[in-house]
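The values are calculated or read from the model by the stated rules, or taken from the named source; none is laboratory data. The shown structure was predicted, so the numbers you read here are calculated from the model rather than taken from an experiment. Cβ sites come from the backbone with ideal geometry, for glycine too, and all protein chains shown count toward neighbours. For accessibility, only protein heavy atoms count, side chains too; no ligands or nucleic acids. Shrake-Rupley method; radii C 1.70, N 1.55, O 1.52, S 1.80 Å.
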Amino acid sequence: QVQLMESGGGLVQPGGSLRLSCTASGSIFMINDMGWYRQTPGQQRVLVASITSGGSTNYADSVKGRFTISRDNAKKTVYLQMNSLKPDDTAVYYCNAGIILSPYPLPYEHDYWGQGTQVTVSS
């Protein structure tokens, strides 16, 4: 059974930094795109940043220049370095990954989510 395990959330003051990590475990053949989403109460989950298996990245406009996404393919882990945090960054952050369990009979990609980690930016 595949799981995504997140860590690194918490309470931080405005202007501070946090680093989120998400590690995939289980019987995995390949991981394609990985990403971080966030959600606040009553709102839809929105993309924060994503990264392909080759390292190409994409960011929401609201976090460009402040957040950096990276991954370690050997460790099946994706990171989100968050700097210059603002109160508007307060949300539950979810890890997402497109995972292929087996190349046979076809390399079908499954969509997996982590359980979420709370990030609160407040003085």
ask   = Quick one: what pairs do we get from segment 21-47, first residue closer than 12 Å to Asn96 by Cα and without any contact (Cβ under 8 Å) to a residue 24 or more places away in the chain, second assigned to a strand (DSSP E or B) and among the polar types (S, T, N, Q), C-beta under 8 Å, 6+ apart or different chains?
value = Val46/Gln39; Leu47/Asn58
note = Among the residues of segment 6-33, the number that are closer than 16 Å to Thr117 by Cα and either of a type in the set (A, V, I, L, M) or in contact with a His (Cβ under 7 Å, 6 or more places away or on another chain) (or both) is 5
request  = Look through Phe29, Phe67 and report the one residue that is more than 12 Å from the chain's Cα centre (by Cα), over 14 Å from Ala91 (Cα atoms) and among the aromatic types (Phe, Trp, Tyr).
outcome  = Phe29
task = For Ser27, indicate whether it is small (Gly, Ala, Ser), open to solvent by 30 Å² or more (accessible area, probe 1.4 Å) and more than 18 Å from Thr77 (Cα to Cα).
result = no
query = Looking at segment 51-88, which of the residues that are open to solvent by less than 50 Å² (accessible area, probe 1.4 Å), in contact (Cβ under 8 Å) with a residue 40 or more places away in the chain and not in a loop (DSSP other than H, G, I, E, B) is nearest to Ser123 (Cα to Cα)?
reply = Met82
ask   = Which ones in segment 89-107 are surrounded by fewer than 14 Cβ atoms within 10 Å (Cβ to Cβ) and either in contact with a strand residue (DSSP E or B) (Cβ under 7 Å, 6 or more places away or on another chain) or within 26 Å of Leu11 (Cα to Cα) (or both)?
value = Pro107
task = Report, by residue number, each residue of segment 30-49 that is farther than 13 Å from Thr77 by Cα and either open to solvent by less than 50 Å² (accessible area, probe 1.4 Å) or assigned to a loop (DSSP other than H, G, I, E, B) (or both).
result = Arg38, Thr40, Pro41, Gly42, Gln43, Gln44, Arg45, Val48, Ala49
